[in-house]
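Contents: one structure, followed by commentary.
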Amino acid sequence: MVGDASVRWRHARTSSLTLAKCPADWTAASAIRFRVHNTLKTESSFMIIFESQNPKTEGLDYWMHRVNLDFTGWREIVLKRRGLGSARRPLGWDQIGQVRLTAEGWEQTLDPRAVVHIDQLEMVDMIGPQTSDEELFAALDLERPELAAVRSAALAKDWPQAVAALATYYRARTSVPWHYDPHQINRKTSYSKDGAEDTVAGRMRVIYLDHEFPEGKVDWFYNPTIARPELPRNHEWQWQLGRMSYWYNLGRAYWGTGDERYAQAFVQHVRSWARDCMRPDNSGNGAGSPWRTIECGIRMGGSWPDAWHRFLHSPSFTDADLALFLKICYEHSLHLVKHRTTGNWLTMEMSGLYTTGALYPEFRDARAWRKLATDALYEELSTQFLPDGAQIELTTGYHQVALGNVLKIPRTAKVMGYLDEMPTDYVARAERAYGFNLKMMTPERDMPHTNDAWHVNVAGSLGVAFRLFPERTDFQWIATDGKAGTAPDFTSLLLPYAGFAVMRSGWERDANFLAFDGGLLGYGHVHQDKLQVIVHAYGREVLYDGGGGNYES
């Protein structure tokens, strides 16, 4: 597969290629590497398909990767076997039947102008992260006076000394505030000891399904819904494992007890994730990938910065670990800049990117990350949220997710001193999104569960809204259950852009209420629920939409 000449592939002549001599067993190495030369930058692509036919399933079983031809010249493609997207249930990497490349199918449009060369297809062993020490320090603004010691070591290419100086700087740094002070460890921090012990032992509960990793060593690619045939397949299990939500409690438990086992578990997670989960050259938004952009945004906007502050002064979190952590955060920023999506995903991606740019202003591109994220979500407040306040997915659940992430940016900016960088009317644009919650609210202070939705505490939401918009005394009235403020001055109304009609006899908790879903299908999290009628009568929910559901089916 590695020869003296490359394969020239003209898409106008043939839409696919098949590897003539295909080894059956690809398990000898952790990755597949090949080089691609593209003559003309286009919007087309090709798929590389590794077929592993399973006789127990209908249709083709395979792993796949898309190569977008959005570049010119040579590019090296590295595919970690674990993490490639899969279709159905391929038998295994030791039972590969065929490898082919195709520029058609899989929602691809063949471009006859495309001419690519494929060279040096080989199996290799590779571990992450991709960012070297030299690349990390090149990404930092070493002209900052406070990084003088780091700069001196980096200029001498003394990377161990540069890492040590960088770690010393970050552990002493007080110029970047956070929601709590990492230099003032609070032993009264609340935590769940049982939860922390579960994390140390590798006992994980993800979307209501438990699994225990032997010796506490997390496999970031494992998915019990695939490993156990009796379970319905749900790729969300592996994806949500990688959100590291258990780090919040683990960090609080470390502060509350000082038990180094908790810090050691965190460090083990960081090291194994960095080693095994290399950043892909594409979006990573496929089954089996730990780099799905929604998880990248969630990690960078929540669990990772929280863990950074909780474990910053732990002796288990060594200088090398600190540098490793920064490398991963840097790679996340590169990934989020390059692979932005839409809808509520974009709000999570950008809030995560903003947090990294605010928390680590030492990176040369930190200000650009903050600006890109701010500009993107400022625009989304006018486009993703319709004129009647509804979020374009028309799900009352993800409406809250998108709104919360949009407003996470000004909250972070206020804490960290960057409010002057933001448009002055950024927060003001969110008022109509809170108004949607008021207009759609059921008598029980919930929302109708249209599309993928769940319980929403509307009173709590409008309490936040009243603090942002103190002139909205109708928000205050709902938030205080009528104890303060003024009742809304309307009852029934039509939301013409979302297509919802709402009728109510009043705003009391036992009022009669009807919501009619007669508009668009929605975007993303849609259900086939058009013309749905939701009725509450005399304090009872009579006709309802269940919302939610398994995303995989």
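The values are calculated or read from the model by the stated rules, or taken from the named source; none is laboratory data. Given the structure is predicted, the values throughout are model-derived calculations rather than measurements. Neighbour counts are summed over all protein chains in view; Cβ atoms, including those assigned to glycine, are modelled from backbone coordinates with ideal geometry. The accessibility values were calculated without ligands, DNA or RNA, using every heavy atom of the protein model including side chains. Shrake-Rupley method; radii C 1.70, N 1.55, O 1.52, S 1.80 Å.
Of the peptides 137-143, 385-391, 68-74, the order by per-residue mean of other Cβ atoms within 10 Å, starting with the highest, comes out as 385-391, 137-143, 68-74. The H on the amide N of Gln391, modeled in the peptide plane, is under 5 Å from the matching H of Leu386, each at least 5 residues off or on a different chain. Close amide H contacts of Arg203 (hydrogens built in the peptide plane, cut-off under 5 Å, sequence separation of 5 or more or a different chain): Phe213.
Dipole magnitude of the range 319-393 about its Cα centre, charges +1 at Lys/Arg Cβ and -1 at Asp/Glu Cβ only, in debye to the nearest 20?
Working: 7 positive and 11 negative charges, 51 e Å.
The dipole magnitude comes to about 240 debye.
Multiplying the residue separation of Thr39 and Asp125 by 0.36 nm and subtracting their alpha-carbon distance yields 28.0 nm. In the range 411-519, the portion of solvent-accessible area held by carbon and sulfur atoms comes to 56 percent [1.4 Å probe, whole percent, DNA, RNA and ligands not counted].
Ordering Leu142, Tyr169, Leu155 by Cα displacement along the dipole of the range 129-177 toward the positive end leaves Tyr169 in first place; charges were set at the Cβ atoms of Lys, Arg (+1) and Asp, Glu (-1).
Provide the FRET efficiency to the nearest 0.05 for the Glu143-His179 pair, computing r from the beta carbons and using R0 = 25 Å.
Working: r = 29 Å, r/R0 = 1.18.
Computed FRET efficiency for Glu143 and His179 comes out at 0.25.
Averaged over its residues, the range 128-281 has an accessible area of 49 Å² per residue, based on protein heavy atoms and a 1.4 Å probe. Under 20 Å of direct C-alpha separation, and excluding same-chain neighbours fewer than eight residues apart, Lys371 reaches these aspartates and glutamates: Asp141, Glu331, Glu349, Glu362, Glu379, Glu380, Asp420, Glu421, Asp425.
With all protein chains present, how much of the accessible area of the range 1-109 (probe radius 1.4 Å) comes from carbon and sulfur, to the nearest whole percent? Walk me through the intermediate numbers first.
Numbers: 2580 of 5840 Å².
The C+S portion of the solvent-accessible surface of the range 1-109 is 44 percent.
What do you get for GluC sites (Glu not before Pro) in the range 334-390 restricted to DSSP loop and a cutoff of at most 16 other Cβ within 10 Å of the site's Cβ?
none
The residues neighbouring Glu444, those whose beta-carbon lies less than 10 Å from its own, together hold a net charge of 0 under the Lys/Arg +1, Asp/Glu -1 convention. Under 5 Å between amide hydrogens, built in the peptide plane, is the criterion, and for Met126 it picks out Ser30, Ala31 among residues at least 5 positions away or on other chains. Converting phi to 3J(HN,Hα) with the Karplus coefficients 6.51, -1.76 and 1.60 and the offset θ = phi - 60°, the range 282-295 yields 10, 5, x, 8, x, 4, x, 8, x, 10, 4, 5, 5, 5 Hz in sequence order, with x at every glycine or proline.
Suppose every K and R has +1 on its Cβ and every D and E has -1 on its Cβ; what is the size of the dipole of the range 38-180 about the Cα centre, in Debye to the nearest 20? Mind showing how you got there, number by number?
Details: 16 positive and 20 negative charges, 77 e Å.
That gives a dipole near 380 debye.
Once neighbouring chains are kept in place and the probe is 1.4 Å, which whole percent of the accessible area of the range 278-402 is contributed by carbon and sulfur? Write down the numbers at each step before the final one.
Details: 1630 of 2990 Å².
The computed percentage sits at 54.
Using a simple spin-label model with pseudo-atoms 7 Å out from Cα toward Cβ, Glu421 and Ser245 lie 2.9 nm apart. Distance between the 7 Å Cα→Cβ label points at Asn457 and Arg171: 3.8 nm. Extending 7 Å from the Cα toward the beta-carbon at both Asp219 and Asp194 defines two label points whose distance is 2.8 nm. Which of the listed residues, Ala287, Phe50, Val115, is farthest toward the dipole's positive end in the chain, when Lys, Arg count +1 and Asp, Glu count -1 at the beta-carbon? So the residue furthest toward the plus end is Val115. Principal axis extents of the C-alpha atoms in the range 409-501 (largest first, rounded to whole Å): 41, 33, 23. Once the Cα-Cα distance is subtracted from the 0.36 nm per residue extended length, the Glu212 to Arg233 segment shows a gain of 5.7 nm. Here the Karplus relation 6.51 cos²θ - 1.76 cosθ + 1.60, evaluated at θ = phi - 60°, turns the backbone of the range 37-44 into coupling constants of 10, 10, 7, 9, 5, 9, 8, 8 Hz, with x for every Gly and Pro. Length, then width, then depth: along the principal axes, the Cα atoms of the chain run 79, 57, 45 Å.
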